[in-house]
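Written out below as structure tokens is the structure these notes cover.
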Amino acid sequence: MRLTQKRTSILPTVTAIAAVFFQLGAAAQQPPDSEIVASIRSEETRHSGASELFYTLTDALGPRLSGSPAYDKAARWALNRFQEWGLTNPHLEAFKLGPAWTLEKLTTEMTLPRYMPLLAYADAWSPPTSGVVTGTPVYVGDSSVEEIDALGSRLRRAVVLTARPQTEYLSKDRPEPSLGDGPVRTGNPPFPSPSSRVPQRELLARLQKYGAGVALAPSATLHGTVRVQGNPATAPDAVPTLTVAAEQYNMLVRLVKAGGPLELRIEVVSHSNRDRLDSDNVIAEIPGIDPSLKDEVVLVGAHLDSWHTATGATDNADAVSAAMEAMRILTALHAQPRRTIRVALWGGEEQGMIGSRSWVAQHLKDKAARDKISVYLNDDPGTGPTYGFYMENNVAAKKIFDGWLASLADLGMRRNVIEGIGSTDHVPFVEAGVPAFTTIKDFSNYDVRTRHTNVDFADAVKIEDVQQSAVVLAVFAWHAAMLDQRIPR
């Protein structure tokens with residue numbers, strides 16, 4: 001079926017939904033196109049590419065740290081898919097990030113009082129160790145600045161335990177916002193930081209001054225889950241840093257305090273390419289055909305980057321796969337929307353939404369440019385199926401979205417909530433005054449288990465959830481592109 005700007009009749013099965021739509025006000029008087037919804041769903045059922053996209057991103061391409069060679073490979077792969085599907089103007093757009101970083105080897109072992117491999121990971125952008133660092137760890141979690149200075153030469157090439165034993169943990173996922181019908185609390189749950197007498201930044205500067213070999217800190221997650229991040233602004237001569245599973249880190253501190261034999265052997269081999277300071281967003285589109293509306297854009301997107309210890313499955317390969325699959329569906333149906341439908345795969349989200357912020361700063365400098373973006377649909381927080389959207393307190397837009405949601409209720413769509421959410425790529429658009437909304441997903445085992453951790457592998461995702469999310473994005477993008485008016489500001 002060719003999708004065009006011609007409106008089709010509503011099938012009898014959605015008459016009740018249409019009746020609801022006509023009560024929502026002037027901006028919401030275009031009911032969902034049941035024939036197009038059926039075509040989108042049929043295409044996904046019969047010819048889904050979601051599985052191939054998702055497992056290529058996770059298993060074959062692996063972790064996609066912003067700016068890294070692995071990220072660049074994933075960006076080129078996505079660009080090639082858009083080209084193969086026939087999207088218009090597929091291209092990469094560069095933005096400033098920092099040095100490209102690659103981990104080439106990591107060994108973290110306890111050799112005394114017995115042999116044990118340790119569950120530890122180099123922080124992203126950590127410098128390499130100077131060869132293999134061995135010895136009894138020095139514990140400074142309870143030390144003052146004066147006591148650290150008094151250690152002096154003992155810190156040179158030493159393994160340093162920088163924090164107190166971890167006793168506070170992220171042990172509960174955030175509430176599921178699509179359940180119920182009242183106000184909801186949104187946002188990331190607070191993550192306990194490592195505790196030490198001297199603040200970590202000051203402590204690491206002291207260790208750098210005295211030439212410490214490597215610095216260890218615990219993760220605030222349980223049962224072998226290790227949450228690891230990093231900073232592209234890390235100095236090349238900084239002390240190498242590792243994050244260790246809390247249970248093992250606490251054991252090491254106890255062994256040091258007991259005074260018995262203890263020896264660790266650690267090697268970090270990493271490389272920072274300071275000649276490569278850019279990363280890229282991936283952009284492509286389906287051009288609009290309405291002479292009066294084709295310059296307006298419905299934007300669909302997700303962040304392509306991930307952290308580096310697993311394969312970034314729930315954060316954010318499932319969403320990337322859904323956004324890409326939505327565009328594949330529309331091109332397979334030869335979509336001819338009134339407005340342009342554009343897809344954006346962002347880099348640098350995990351470093352502060354750098355990719356999307358850069359795009360907004362470059363392309364939405366004035367009101368005229370901002371007015372050309374009808375809406376941005378983002379997919380990121382959580383995993384599982386899409387239950388609705390965070391509506392950023394936009395009551396008029398919520399009325400429209402509620403009608404589109406009703407047409408997909410049998411796929412598990414539950415509720416659009418009026419509240420907003422931060423910390424993902426729709427935020428720069430909201431700040432610029434553009435209607436931008438991100439999906440509501442499931443948070444079971446997301447905050448406490450997979451988000452930014454060493455266990456964010458493909459097994460945490462069900463392909464049927466990716467397929468459902470792709471249908472949702474395709475349906476919402478299509479209807480937004482076909483409205484007589486823009487999504488209300």
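The values are calculated or read from the model by the stated rules, or taken from the named source; none is laboratory data. From a predicted model like this one, the values you see are computed outputs, not experimental measurements. Here Cβ is always computed from backbone atoms with ideal geometry, including for glycine, and neighbour counts include all displayed protein chains.
Restricting attention to region 182-219, which residues are outside any helix (DSSP H, G or I), buried (at least 22 other Cβ atoms within 10 Å of the Cβ), in contact with a Leu (Cβ under 8 Å, 6 or more places away or on another chain) and of a type outside the set (Val, Ile, Thr)? Passing the criteria: Ala212, Ala215, Leu216, Ala217. In this structure, does Leu106 turn out to be assigned by TED's automatic domain parsing to the domain that holds Arg76 and either in a strand (DSSP E or B) or more than 25 Å from His452 (Cα to Cα) (or both)? It is false that Leu106 is assigned by TED's automatic domain parsing to the domain that holds Arg76 and either in a strand (DSSP E or B) or more than 25 Å from His452 (Cα to Cα) (or both). Answer yes or no: is there a residue in region 286-294 that is modelled with pLDDT under 95, surrounded by fewer than 18 Cβ atoms within 10 Å (Cβ to Cβ) and either over 30 Å from Leu53 (Cα atoms) or not assigned by TED's automatic domain parsing to the domain that holds His91 (or both). No; the residues of region 286-294 include none that is modelled with pLDDT under 95, surrounded by fewer than 18 Cβ atoms within 10 Å (Cβ to Cβ) and either over 30 Å from Leu53 (Cα atoms) or not assigned by TED's automatic domain parsing to the domain that holds His91 (or both).
Residues that are assigned to a loop (DSSP other than H, G, I, E, B) and surrounded by fewer than 18 Cβ atoms within 10 Å (Cβ to Cβ) within region 115-140 comprise Tyr115, Ser130, Gly131, Val132, Thr136, listed in sequence order. The single condition among (1) surrounded by 23 or more Cβ atoms within 10 Å (Cβ to Cβ); (2) more than 27 Å from the chain's Cα centre (by Cα) that Trp307 does not meet is (2). Any idea which of (1) surrounded by fewer than 18 Cβ atoms within 10 Å (Cβ to Cβ); (2) outside any loop (DSSP other than H, G, I, E, B); (3) of a type in the set (S, T, N, Q) is the one Thr58 doesn't satisfy? If we test Thr58 against (1) surrounded by fewer than 18 Cβ atoms within 10 Å (Cβ to Cβ); (2) outside any loop (DSSP other than H, G, I, E, B); (3) of a type in the set (S, T, N, Q), just (1) comes out false. Being buried (at least 19 other Cβ atoms within 10 Å of the Cβ), under 24 Å from Arg486 (Cβ atoms), of a type in the set (Lys, Arg) and in contact (Cβ under 8 Å) with a residue 12 or more places away in the chain holds for only one residue in Arg338, Arg370, Arg328, and it is Arg338.
From the residues in region 62-98 that are in a strand (DSSP E or B) and aliphatic (A, V, I, L, M), which one is surrounded by the most Cβ atoms within 10 Å (Cβ to Cβ)? Only one residue tops the list, namely Leu92. Going by what's in this entry, would Lys105 be described as more than 20 Å from the chain's Cα centre (by Cα) and modelled with pLDDT of 95 or more? Yes. Among the conditions (1) assigned to a loop (DSSP other than H, G, I, E, B); (2) among the acidic types (Asp, Glu); (3) crowded, with 17+ Cβ neighbours inside 10 Å, the only one that Asp237 does not satisfy is (3). Screening Arg274 against (1) free of Cβ contacts under 8 Å to residues at least 24 places away in the same chain; (2) loosely packed, with under 15 Cβ neighbours inside 10 Å leaves a single unmet condition, (1).
Among the residues of region 159-181, those that are surrounded by 15 or more Cβ atoms within 10 Å (Cβ to Cβ) and either over 25 Å from Leu118 (Cα atoms) or in contact with an Asp or Glu (Cβ under 7 Å, 6 or more places away or on another chain) (or both) comprise Arg164, Leu170, Asp173, Arg174, Glu176, Pro177, Ser178. Filtering region 331-352 to residues that are out of contact with any strand residue (DSSP E or B) (no Cβ under 7 Å at 6 or more places or on another chain) and either under 25 Å from Ala50 (Cα atoms) or modelled with pLDDT under 95 (or both) leaves Ala332, Leu333, His334, Gln336, Glu350.
Here the condition is being out of contact with any strand residue (DSSP E or B) (no Cβ under 9 Å at 6 or more places or on another chain) and modelled with pLDDT of 95 or more; of Arg265, Arg254, Arg227, it holds for Arg254 alone. Filter region 134-153 down to the residues that are without any contact (Cβ under 8 Å) to a residue 12 or more places away in the chain and closer than 19 Å to Leu216 by Cβ and list them by number. Matches in region 134-153: Glu147 only. Only one residue in Pro175, Pro218, Pro240 is modelled with pLDDT under 95 and not charged (D, E, K, R). Which one? One residue alone meets the criteria, Pro175.
Whenever a residue of region 154-179 is assigned to a helix (DSSP H, G or I), it has no partner that is surrounded by fewer than 18 Cβ atoms within 10 Å (Cβ to Cβ) and of a type in the set (S, T, N, Q) lying with C-beta atoms less than 6 angstrom away and at least six residues away or across chains. Of the residues that make up region 477-486, is at least one in a loop (DSSP other than H, G, I, E, B), under 30 Å from Val226 (Cβ atoms) and modelled with pLDDT of 95 or more? No, there is no match, as no residue in region 477-486 is in a loop (DSSP other than H, G, I, E, B), under 30 Å from Val226 (Cβ atoms) and modelled with pLDDT of 95 or more.
In this structure, Ser143 does not qualify as in a loop (DSSP other than H, G, I, E, B), of a type in the set (Gly, Ala, Ser), crowded, with 19+ Cβ neighbours inside 10 Å and touching a strand residue (DSSP E or B) at 6+ places or on another chain (Cβ under 6 Å). Consider region 146-158 and keep the residues that are aliphatic (A, V, I, L, M) and surrounded by 12 or more Cβ atoms within 10 Å (Cβ to Cβ). The one that is nearest to the chain's Cα centre (by Cα) is Ala158.
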